[in-house]
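**Student:** Quick one: the structure is below, and I'll ask about it shortly.
What follows is calculated from the coordinates using simple rules that are stated; it is not laboratory data. Predicted, not measured: the structure shown is a model, and the values here were computed from it. Virtual Cβ from ideal backbone geometry, glycine too; neighbours counted across all protein chains shown.
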Amino acid sequence: MATHQLIKSDNLLLTIPLSNVSEGADRKQIKEDLLETMDNFKGIGLSGNQVGIMERVFVMYSDFTKREKIVCFNPKIIFSSETQELMDEGCLSFPGLWLKVKRSSWIEVEYEDENGEVIKDTFTDLTARVFQHEYDHMEGLDFTKKVSRLRLDRARKRVTKQRKKLLSMAGA
């Protein structure tokens with residue numbers, strides 16, 4: 001197993017839509033590496049391209065209370081509810097940045113596990129949100145594209161202000 005480093009949020013790799021997982025990809029190794037990296041950075045989801053693995057795959061918690069995790073190769077959103085919820089959202093690629101993002105309340109999905117078995121499921125609430133967030137990464141998008149430029153600029157200024165405050169407290 002290996003813990004990968006997160007690539008910086010301005011890296012163009014994060015903007016490339018990913019096609020299906022390569023034929024010879026070592027799915028078990030990718031799964032282990034992504035899960036270890038997600039745990040290392042205390043995340044609840046992590047896509048391959050966030051660590052430079054340019055395969056259509058992400059890992060996430062499927063049940064937060066039971067601490068169950070899944071790996072999703074070649075994920076698809078089959079159906080999204082029209083009902084949407086506005087909720088704070090963060091991303092490991094954007095440390096400290098939190099934005100209120102609207103996402104579908106529930107989704108029907110399809111993905112392959114590490115053995116290539118097709119899984120169909122319905123996710124609600126936070127699990128649906130995390131799947132949609134990670135799925136966006138597969139499409140070359142990130143959560144900053146889901147809010148207005150004004151909201152994004154305000155949130156970035158808050159992060160900068162908080163970092164300066166922490167640095168001044170550390171230096172005091």
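**Student:** Quick one, which of [x] 18.9; [y] 18.0; [z] 16.8 is the actual Kirkwood radius over Cα pairs in Å calculated for this model?
**Tutor:** Identified label for the calculated read-out: [z].
**Student:** Further question on the same structure: I need the phi-derived Karplus couplings for region 111-128: 6.51 cos²θ - 1.76 cosθ + 1.60, θ = phi - 60°, integer Hz, Gly and Pro marked x.
**Tutor:** Rounded to whole hertz, the list is 7, 9, 8, 5, 8, x, 6, 7, 10, 10, 8, 10, 10, 10, 6, 5, 4, 5.
**Student:** Here's something else I'd like to know. With +1 on each Lys and Arg Cβ and -1 on each Asp and Glu Cβ, how big is the dipole of region 41-106 about its Cα centre, in debye rounded to the nearest 20?
**Tutor:** 120 debye
**Student:** Something else now. Where does helix 27-40 land angle-wise versus the long Cα axis of the chain, in degrees 0 to 90, nearest 10?
**Tutor:** Roughly 20 degrees between the two axes.
**Student:** Looking only at LYS102, LYS146, LYS66, which one moves most when the chain is put into a Gaussian network model with springs between Cα atoms under 10 Å?
**Tutor:** LYS66
**Student:** Which ordering of MET138, MET169 is given by a fewest-first count of other beta-carbon atoms within 10 Å?
**Tutor:** Fewest-to-most Cβ neighbours within 10 Å comes out as MET169, MET138.
**Student:** Please list, by residue number, every one of the GluC sites (Glu not before Pro) in region 2-71 that is coil in DSSP and has at most 12 other beta-carbon atoms within 10 Å. List each step's numbers first, then the result.
**Tutor:** Working: sites: GLU23, GLU32, GLU36, GLU55, GLU68; in loops: GLU23, GLU55.
Taking region 2-71 and a limit of 12 other Cβ atoms within 10 Å, the loop GluC sites (Glu not before Pro) found are GLU23.
**Student:** If the only charges are +1 at each Lys and Arg Cβ and -1 at each Asp and Glu Cβ, what is the size of the charge dipole of region 1-82 around the Cα centre, to the nearest 20 debye?
**Tutor:** Dipole about the Cα centre, nearest 20: 120 debye.
**Student:** Apply the a/c threshold of 1.5 to the C-alpha gyration tensor of region 67-157 and tell me whether it is rounded, prolate or oblate.
**Tutor:** prolate
**Student:** Within region 88-172, which chymotrypsin sites (Phe, Trp or Tyr not before Pro) sit in a loop by DSSP and count at most 16 neighbouring Cβ atoms inside 10 Å?
**Tutor:** TRP98
**Student:** Now for a separate question. GNM on the chain, C-alpha springs below 10 Å: top fluctuator among THR122, THR144, THR83?
**Tutor:** Residue with maximal mean-square fluctuation among THR122, THR144, THR83: THR83.
**Student:** Here's another thing I want to ask about it. Relative to the Cα centre, what is the charge dipole magnitude of region 12-171, using +1 at the beta carbon of each Lys and Arg, -1 at the beta carbon of each Asp and Glu, and rounding to the nearest 20 debye? Let's see the in-between values first.
**Tutor:** Details: 26 positive and 26 negative charges, 316 e Å.
Roughly 1520 debye, rounded to the nearest 20.
**Student:** Also, quick follow-up: So for region 12-171, averaging the separation of alpha carbon pairs under 8 Å that are six or more residues apart and normalising by length, what relative contact order in percent results?
**Tutor:** Result for region 12-171 is 23 percent.
**Student:** So, one more: Say the dipole of the chain comes from +1 at the beta carbon of Lys and Arg and -1 at that of Asp and Glu; which of GLY43, PHE64, ALA155 then lies farthest toward its positive end?
**Tutor:** Towards the positive end, the residue furthest out is ALA155.
**Student:** Given LYS42/LYS157; LYS8/LYS146; LYS8/LYS157; LYS100/LYS145; LYS69/LYS146; LYS102/LYS161, which pairs have Cα atoms separated by over 21 Å?
**Tutor:** Flagged as over cut-off: LYS42/LYS157; LYS69/LYS146; LYS102/LYS161.
**Student:** Of TYR135, ILE7, LEU18, which is farthest along the charge dipole of the chain in the positive direction, counting Lys and Arg as +1 and Asp and Glu as -1 at C-beta?
**Tutor:** Checking the options against the dipole of the chain, the answer is ILE7.
**Student:** Given the DSSP H assignment, sum -39500 (n - 2.57) over each helix run of at least 4 residues in the chain and divide by its residue total; what's the result at 222 nm in deg cm²/dmol, nearest 500?
**Tutor:** Computed mean residue ellipticity for the chain: -10000 deg cm²/dmol.
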